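Data first, discussion second: the structure below is written as structure tokens.
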Amino acid sequence: MPSDLSHGSNTLNNQQLVIGLGPLGRRVVEELRTRGIPVVAASRNRVEGLGAEWRQLDASDAEQVRAVAADCEVVHLCAAPPLTSWVEEFDALVGGLLDGLRDSGKTLVFASNLYAYGPQQGTLTEASPELATGPKGALRKRLDRRVLDAPGLRTAVVRGASFYGPGVETSMAGRSELAALAAGKPVPALGSVDQPHTMTYIDDFARAMVNVASSDSALGQVWHAPMQEPTTHRELMTAFGEVLGAQPKFRIAGPAVMNLMSLFNPTMKALKETFYTYTSPHVADSSKYAAAFGEAATPLKEAVTLTVQSAGLASSGRS
């Protein structure tokens, strides 16, 4: 890891705050604890088993944010509303947080994704144009820029690709997908299972959040968390099947099914905007991060094995 990024003035011994305790927030808490960094975790609802101090927080309330973050020099924003409520709630969440931290001089790292780029050909990098015009993609683009431009704060944005790993419920390799595979049932899939798709292992995402927060030179920028080599959904589930002793088969929702289901299923309606990521190549690159921090993505086989172990799944004995 280059010295200019590994030894910034952000001291890693100061208490840090993780807001949002979904899969990523929990893994950021664990990463900080592993490094011996004091951490406070905050969310709307109580979360048990964190092994860290927890405080109740509505991040859209600036006064609550100001109080909870008072003793923390670094804030990791991992919270997001449900996908079906992004357009209605995400602006208020980020706005409240930024108002609560305004002019405090704190470091804020925002966990984001690739939606801002919109549909485009080629490999996505941090230098790619942000072409999203749909509601959720335009929202992500606006919020990322709002964080980067926040007055009186030291900020960065870390974007992950589609992620999977311990604790991830909803994913191309989420709990229902892995349970179906282990049981010998068809794995639910969207669009196509044979298009290359970049994935991020969630522990790599968490490490990137902590590394970027700890580096003065990394601030003020967008970073791609470590991304594995592109893999198709079929290849991904085949890798899981090798660990579980199962051969994947799929139940694919194509465009016609997606259009039909979106009429009565709010989640499917919310996914329509980014359906392109499942029907055409969706490839991204994290070489900027690798060059700066000297960390590559966790190899697929290792990530798959750790994910299966964390889910407590046993081999089906199928081949």
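The values are calculated or read from the model by the stated rules, or taken from the named source; none is laboratory data. Note that the structure is predicted; figures quoted are calculated from it, not measured. Reconstructed Cβ throughout: ideal geometry from the backbone, glycine too, with neighbour counts over all protein chains shown. The protein model used for the area step is the full one, side chains on, heavy atoms only, and it has no ligands, DNA or RNA in it. Shrake-Rupley method; radii C 1.70, N 1.55, O 1.52, S 1.80 Å.
Looking only at segment 255-270, decide whether some residue is touching a residue at least 60 places away in the same chain (Cβ under 8 Å) and within 17 Å of A173 (Cβ to Cβ). No: segment 255-270 contains no residue that is touching a residue at least 60 places away in the same chain (Cβ under 8 Å) and within 17 Å of A173 (Cβ to Cβ).
If the condition is being in contact (Cβ under 8 Å) with a residue 12 or more places away in the chain, over 14 Å from L143 (Cβ atoms) and over 20 Å from the mean Cα position of the chain (by Cα), then segment 59-98 contributes D61, A62, E63, Q64, V65, R66, V68, A69, D71, C72, E73.
From the list S214, S280, the one residue that fits, being among the hydroxyl-bearing types (S, T, Y) and under 27 Å from E31 (Cα atoms), is S214.
Just one of (1) touching an Asp or Glu at 6+ places or on another chain (Cβ under 7 Å); (2) closer than 20 Å to L97 by Cα; (3) modelled with pLDDT of 95 or more; (4) open to solvent by 10 Å² or more (accessible area, probe 1.4 Å) fails for R27. It is (2).
Here is a yes/no grid of residues against (1) among the β-branched types (V, I, T); (2) open to solvent by 50 Å² or more (accessible area, probe 1.4 Å):
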residue: T232; (1), (2): yes, no
residue: T238; (1), (2): yes, no
residue: A246; (1), (2): no, no
residue: L263; (1), (2): no, yes
residue: T279; (1), (2): yes, yes
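Looking at A208, A213, A173, just one residue is open to solvent by less than 10 Å² (accessible area, probe 1.4 Å) and over 28 Å from L236 (Cβ atoms), and that residue is A213. From the list P135, P186, P151, P166, the lone residue that is surrounded by fewer than 21 Cβ atoms within 10 Å (Cβ to Cβ) and touching a Lys or Arg at 6+ places or on another chain (Cβ under 6 Å) is P186. Annotation: G25 fulfils all but one of (1) touching a His at 6+ places or on another chain (Cβ under 8 Å); (2) without any contact (Cβ under 8 Å) to a residue 12 or more places away in the chain; the unmet one is (2).
Within this structure, P119 passes the test of being closer than 30 Å to T238 by Cβ, touching a residue at least 24 places away in the same chain (Cβ under 8 Å) and open to solvent by 40 Å² or more (accessible area, probe 1.4 Å). Each residue in segment 20-49 was checked for being hydroxyl-bearing (S, T, Y) and in a strand (DSSP E or B), and 1 pass. For segment 57-78, indicate whether the set of residues that are open to solvent by 20 Å² or more (accessible area, probe 1.4 Å) and in contact with a strand residue (DSSP E or B) (Cβ under 7 Å, 6 or more places away or on another chain) is non-empty. Yes: one or more hits. Checked against (1) farther than 21 Å from G118 by Cβ; (2) in contact with a strand residue (DSSP E or B) (Cβ under 8 Å, 6 or more places away or on another chain); (3) among the hydrophobic types (A, V, I, L, M, F, W, C); (4) in contact (Cβ under 8 Å) with a residue 60 or more places away in the chain, A182 passes all but condition (2). The requirement of being farther than 30 Å from G105 by Cα, modelled with pLDDT under 95, open to solvent by 40 Å² or more (accessible area, probe 1.4 Å) and β-branched (V, I, T) is satisfied by T267. Taken together, the residues in segment 141-159 that are within 20 Å of L101 (Cβ to Cβ) and part of a helix (DSSP H, G or I) amount to 7.
Whether any residue in segment 105-122 is in contact with a Phe, Trp or Tyr (Cβ under 7 Å, 6 or more places away or on another chain) and assigned to a loop (DSSP other than H, G, I, E, B) is what I want to check. Yes - at least one qualifying residue is present in segment 105-122. The requirement of being touching a residue at least 40 places away in the same chain (Cβ under 8 Å), open to solvent by 20 Å² or more (accessible area, probe 1.4 Å) and either more than 30 Å from R33 (Cβ to Cβ) or touching a helix residue (DSSP H, G or I) at 6+ places or on another chain (Cβ under 7 Å) (or both) is not satisfied by I202.
Consider G254 carefully, then state whether it is farther than 30 Å from K106 by Cα, of a type outside the set (S, T, N, Q) and surrounded by fewer than 19 Cβ atoms within 10 Å (Cβ to Cβ). Answer is yes for this residue.
For segment 284-310, the set of residues classified as aliphatic (A, V, I, L, M), crowded, with 17+ Cβ neighbours inside 10 Å and out of contact with any Gly (no Cβ under 8 Å at 6 or more places or on another chain) consists of A284, A292, A297, L300, V304, V308, listed by residue number.
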